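So the structure is just underneath, and the comments pick up after that.
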Amino acid sequence: LSPDKLPKDMDSEAEVLALVRALSGSPGARVFSRRLHDVTAGNALFILESLRDLFSAGVLWREHGDWATPFDDATQDYRELPLSPSVRDAVLRRIDRLGESVRRLLEAACLAGDGFALDWIGASTALSELELVDAADRAVHANILVESAGGYRFAHDLIRRSLDDALTAERRKLLHRRLAGAMDSHDAPAADVARHLEAGGRRSEAIRHRIRAAEAAARMYALAEALAQYDAAIADGASGI
(Lines give C-alpha, C1' and ligand atoms only; values in the text may rest on other atoms or scores of the structure.)
Protein backbone atom coordinates (compact mmCIF):
# COMPACT_ATOMS: atom_id res chain seq x y z
CA LEU A 1 0.00 0.00 0.00
CA SER A 2 1.47 3.34 -1.04
CA PRO A 3 0.57 6.90 0.01
CA ASP A 4 -0.77 7.82 -3.44
CA LYS A 5 -3.48 5.18 -3.04
CA LEU A 6 -4.79 6.73 0.15
CA PRO A 7 -7.01 9.81 0.53
CA LYS A 8 -5.22 12.81 2.01
CA ASP A 9 -7.19 12.77 5.25
CA MET A 10 -9.54 10.44 7.05
CA ASP A 11 -11.57 12.72 9.25
CA SER A 12 -13.73 10.05 10.86
CA GLU A 13 -12.83 7.05 12.99
CA ALA A 14 -15.07 4.95 10.72
CA GLU A 15 -12.81 5.64 7.73
CA VAL A 16 -9.71 4.57 9.66
CA LEU A 17 -11.54 1.48 10.92
CA ALA A 18 -12.45 0.52 7.35
CA LEU A 19 -8.83 0.93 6.27
CA VAL A 20 -7.44 -1.14 9.16
CA ARG A 21 -9.98 -3.89 8.54
CA ALA A 22 -9.09 -3.94 4.85
CA LEU A 23 -5.35 -4.15 5.56
CA SER A 24 -5.50 -6.59 8.46
CA GLY A 25 -8.39 -8.78 7.43
CA SER A 26 -9.81 -8.42 10.93
CA PRO A 27 -13.56 -7.98 11.50
CA GLY A 28 -12.80 -6.17 14.79
CA ALA A 29 -9.94 -3.72 15.48
CA ARG A 30 -12.33 -0.96 16.58
CA VAL A 31 -10.32 0.16 19.64
CA PHE A 32 -6.98 -0.09 17.80
CA SER A 33 -8.37 1.95 14.90
CA ARG A 34 -9.70 4.63 17.26
CA ARG A 35 -6.23 4.98 18.79
CA LEU A 36 -4.61 5.09 15.35
CA HIS A 37 -6.98 7.88 14.34
CA ASP A 38 -6.21 9.80 17.54
CA VAL A 39 -2.41 9.65 17.16
CA THR A 40 -2.37 10.56 13.46
CA ALA A 41 -5.12 13.21 13.36
CA GLY A 42 -6.61 11.20 10.50
CA ASN A 43 -3.72 12.08 8.17
CA ALA A 44 -3.46 9.19 5.71
CA LEU A 45 0.32 9.46 5.30
CA PHE A 46 0.78 9.51 9.07
CA ILE A 47 -1.43 6.41 9.35
CA LEU A 48 0.70 4.55 6.83
CA GLU A 49 3.98 5.67 8.46
CA SER A 50 2.68 4.69 11.90
CA LEU A 51 1.75 1.19 10.77
CA ARG A 52 5.12 0.72 9.07
CA ASP A 53 7.00 1.89 12.16
CA LEU A 54 4.93 -0.33 14.47
CA PHE A 55 5.69 -3.37 12.33
CA SER A 56 9.39 -2.42 12.11
CA ALA A 57 9.60 -1.97 15.90
CA GLY A 58 8.07 -5.40 16.46
CA VAL A 59 5.06 -4.13 18.41
CA LEU A 60 2.63 -5.00 15.61
CA TRP A 61 2.69 -8.32 13.78
CA ARG A 62 0.46 -10.74 11.92
CA GLU A 63 -0.76 -13.73 13.91
CA HIS A 64 -3.30 -16.35 12.81
CA GLY A 65 -4.43 -14.15 9.95
CA ASP A 66 -4.92 -11.05 12.14
CA TRP A 67 -2.82 -8.23 13.59
CA ALA A 68 -1.55 -8.54 17.15
CA THR A 69 0.32 -6.37 19.66
CA PRO A 70 1.84 -7.16 23.07
CA PHE A 71 -0.85 -4.97 24.66
CA ASP A 72 -3.95 -6.76 23.36
CA ASP A 73 -4.86 -8.62 26.57
CA ALA A 74 -4.45 -5.75 29.02
CA THR A 75 -5.00 -2.46 27.20
CA GLN A 76 -8.12 -0.34 27.40
CA ASP A 77 -7.31 2.09 24.58
CA TYR A 78 -3.89 1.11 23.14
CA ARG A 79 -2.33 4.19 24.71
CA GLU A 80 0.78 2.03 25.22
CA LEU A 81 1.54 2.06 21.49
CA PRO A 82 4.61 4.24 20.82
CA LEU A 83 4.40 7.34 18.68
CA SER A 84 5.84 6.75 15.22
CA PRO A 85 9.25 8.48 14.94
CA SER A 86 8.62 9.48 11.34
CA VAL A 87 5.27 11.04 12.25
CA ARG A 88 6.80 12.83 15.24
CA ASP A 89 9.61 14.21 13.07
CA ALA A 90 7.17 15.44 10.43
CA VAL A 91 5.16 17.30 13.07
CA LEU A 92 8.32 18.83 14.57
CA ARG A 93 9.56 19.98 11.16
CA ARG A 94 6.27 21.78 10.65
CA ILE A 95 6.66 23.49 14.03
CA ASP A 96 10.30 24.44 13.44
CA ARG A 97 9.32 26.29 10.26
CA LEU A 98 7.39 28.70 12.50
CA GLY A 99 10.54 29.82 14.34
CA GLU A 100 12.46 29.18 17.55
CA SER A 101 10.12 31.20 19.79
CA VAL A 102 7.14 29.10 18.69
CA ARG A 103 9.06 25.89 19.44
CA ARG A 104 9.99 27.19 22.92
CA LEU A 105 6.39 28.20 23.63
CA LEU A 106 5.05 24.83 22.51
CA GLU A 107 7.63 22.78 24.42
CA ALA A 108 6.46 24.33 27.68
CA ALA A 109 2.82 24.19 26.63
CA CYS A 110 2.95 20.47 25.88
CA LEU A 111 3.51 19.86 29.61
CA ALA A 112 1.08 22.47 30.91
CA GLY A 113 -2.17 20.67 30.07
CA ASP A 114 -5.27 21.81 28.22
CA GLY A 115 -6.53 25.29 28.95
CA PHE A 116 -3.09 26.66 29.78
CA ALA A 117 -2.60 30.37 30.40
CA LEU A 118 -0.05 32.27 28.34
CA ASP A 119 1.37 33.85 31.52
CA TRP A 120 2.45 30.39 32.72
CA ILE A 121 4.38 29.81 29.53
CA GLY A 122 6.06 33.21 29.46
CA ALA A 123 7.56 32.71 32.90
CA SER A 124 8.69 29.23 31.87
CA THR A 125 10.51 30.19 28.68
CA ALA A 126 12.06 33.62 29.32
CA LEU A 127 10.32 34.91 26.18
CA SER A 128 9.37 38.57 26.36
CA GLU A 129 5.69 39.46 26.44
CA LEU A 130 5.80 40.59 22.82
CA GLU A 131 7.67 37.46 21.68
CA LEU A 132 5.21 35.28 23.56
CA VAL A 133 2.11 36.85 22.04
CA ASP A 134 3.67 36.80 18.56
CA ALA A 135 4.58 33.12 18.94
CA ALA A 136 1.08 32.25 20.16
CA ASP A 137 -0.47 34.13 17.23
CA ARG A 138 1.70 32.22 14.75
CA ALA A 139 0.82 28.91 16.39
CA VAL A 140 -2.90 29.72 16.22
CA HIS A 141 -2.71 30.80 12.58
CA ALA A 142 -0.89 27.56 11.75
CA ASN A 143 -3.63 25.52 13.49
CA ILE A 144 -1.17 24.25 16.10
CA LEU A 145 -2.98 25.94 19.00
CA VAL A 146 -6.57 27.06 19.40
CA GLU A 147 -7.88 29.68 21.79
CA SER A 148 -10.24 28.41 24.48
CA ALA A 149 -12.04 29.68 27.55
CA GLY A 150 -9.13 28.59 29.72
CA GLY A 151 -6.48 30.18 27.52
CA TYR A 152 -5.05 27.94 24.81
CA ARG A 153 -5.05 24.26 23.96
CA PHE A 154 -3.46 22.13 21.26
CA ALA A 155 -5.47 21.64 18.10
CA HIS A 156 -4.69 17.94 18.27
CA ASP A 157 -3.07 15.66 20.82
CA LEU A 158 -0.71 14.36 18.13
CA ILE A 159 1.08 17.72 18.20
CA ARG A 160 1.38 17.74 21.99
CA ARG A 161 2.63 14.14 22.08
CA SER A 162 5.23 14.82 19.38
CA LEU A 163 6.68 17.74 21.34
CA ASP A 164 6.61 15.82 24.63
CA ASP A 165 8.26 12.78 23.02
CA ALA A 166 11.14 14.92 21.72
CA LEU A 167 12.04 16.45 25.10
CA THR A 168 15.10 15.15 26.92
CA ALA A 169 14.56 14.00 30.50
CA GLU A 170 16.44 16.96 32.02
CA ARG A 171 14.71 19.54 29.84
CA ARG A 172 11.34 18.04 30.75
CA LYS A 173 12.17 18.33 34.48
CA LEU A 174 13.34 21.91 34.07
CA LEU A 175 10.16 22.93 32.26
CA HIS A 176 8.00 21.24 34.89
CA ARG A 177 9.81 23.16 37.65
CA ARG A 178 9.43 26.45 35.81
CA LEU A 179 5.76 25.77 35.14
CA ALA A 180 5.23 25.04 38.83
CA GLY A 181 6.72 28.38 39.81
CA ALA A 182 4.77 30.30 37.18
CA MET A 183 1.48 28.59 38.01
CA ASP A 184 1.95 29.09 41.73
CA SER A 185 2.52 32.82 41.25
CA HIS A 186 -0.68 33.02 39.17
CA ASP A 187 -2.87 31.14 41.69
CA ALA A 188 -3.29 27.97 39.66
CA PRO A 189 -4.84 24.97 41.46
CA ALA A 190 -2.49 23.66 44.13
CA ALA A 191 -2.77 20.08 42.87
CA ASP A 192 -1.54 21.14 39.44
CA VAL A 193 1.42 22.99 40.94
CA ALA A 194 2.25 19.88 42.99
CA ARG A 195 2.07 17.67 39.91
CA HIS A 196 4.63 19.80 38.10
CA LEU A 197 6.95 19.89 41.11
CA GLU A 198 6.78 16.11 41.38
CA ALA A 199 7.50 15.69 37.68
CA GLY A 200 10.37 18.16 38.07
CA GLY A 201 12.03 16.11 40.80
CA ARG A 202 11.00 18.39 43.68
CA ARG A 203 8.73 16.09 45.63
CA SER A 204 9.48 17.62 49.03
CA GLU A 205 8.43 21.05 47.71
CA ALA A 206 5.20 19.55 46.40
CA ILE A 207 4.02 18.48 49.86
CA ARG A 208 2.62 21.85 50.96
CA HIS A 209 0.71 22.16 47.69
CA ARG A 210 -0.78 18.68 48.09
CA ILE A 211 -1.89 19.60 51.62
CA ARG A 212 -3.40 22.86 50.36
CA ALA A 213 -5.27 20.90 47.68
CA ALA A 214 -6.50 18.42 50.31
CA GLU A 215 -7.72 21.19 52.60
CA ALA A 216 -9.51 22.91 49.71
CA ALA A 217 -11.21 19.65 48.76
CA ALA A 218 -12.24 19.00 52.36
CA ARG A 219 -13.87 22.44 52.57
CA MET A 220 -15.99 21.43 49.56
CA TYR A 221 -16.81 18.08 51.24
CA ALA A 222 -14.99 16.27 48.41
CA LEU A 223 -13.63 13.75 50.88
CA ALA A 224 -12.36 11.21 48.34
CA GLU A 225 -10.35 13.94 46.60
CA ALA A 226 -9.04 15.21 49.95
CA LEU A 227 -7.85 11.73 50.90
CA ALA A 228 -6.20 11.29 47.50
CA GLN A 229 -4.29 14.55 47.97
CA TYR A 230 -3.17 13.57 51.50
CA ASP A 231 -2.03 10.20 50.14
CA ALA A 232 -0.02 12.02 47.46
CA ALA A 233 1.55 14.23 50.14
CA ILE A 234 2.57 11.15 52.12
CA ALA A 235 4.03 9.61 48.97
CA ASP A 236 6.07 12.79 48.57
CA GLY A 237 7.50 12.32 52.06
CA ALA A 238 5.05 14.14 54.35
CA SER A 239 4.73 12.93 57.91
CA GLY A 240 2.43 13.70 60.81
CA ILE A 241 -0.62 14.26 58.63
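The values are calculated or read from the model by the stated rules, or taken from the named source; none is laboratory data. Only a predicted model underlies this, so the values are computations on that prediction, with no experimental measurement involved. Reconstructed Cβ throughout: ideal geometry from the backbone, glycine too, with neighbour counts over all protein chains shown. Quick note on the areas: whole protein, heavy atoms, side chains included, nothing else; ligands and nucleic acids left out. Shrake-Rupley method; radii C 1.70, N 1.55, O 1.52, S 1.80 Å.
Using the Kirkwood radius over C-alpha pairs as Rh, can you work out the diffusion coefficient of segment 3-122 via Stokes-Einstein at 10 °C, viscosity 1.306 mPa s, in µm² per second? Rounded to a whole number, D works out at 99 µm²/s. Kirkwood radius, the chain, all distinct C-alpha pairs, inverse of mean reciprocal distance: 20.0 Å.
Multiplying the residue separation of ASP231 and VAL59 by 0.36 nm and removing their Cα-Cα distance gives an extension gain of 58.4 nm. The helix-based estimate of mean residue ellipticity at 222 nm for the chain, built from -39,500 (n - 2.57) per DSSP H run of four or more residues and divided by its residue count, is -19500 deg cm²/dmol to the nearest 500.
Solvent-accessible surface of the chain, averaged per residue with a 1.4 angstrom probe and all protein chains in place: 53 square angstrom.
To put it simply, the accessible area of segment 45-192 at a 1.4 Å probe is 48 percent carbon and sulfur. Springs between alpha-carbon pairs under 10 angstrom, Gaussian network model over the chain: which of GLU131, GLU170, GLU63 fluctuates most? Maximum among the listed residues: GLU63. Label separation (ASP165 vs ASP96): 1.6 nm, computed from points 7 Å beyond Cα along the C-beta direction. Once you mark the trypsin sites (Lys or Arg not before Pro) that are in a DSSP loop and have at most 13 other Cβ atoms within 10 Å, what is the longest gap between them in the chain? Free of exposed loop sites, the longest segment is 98-241.
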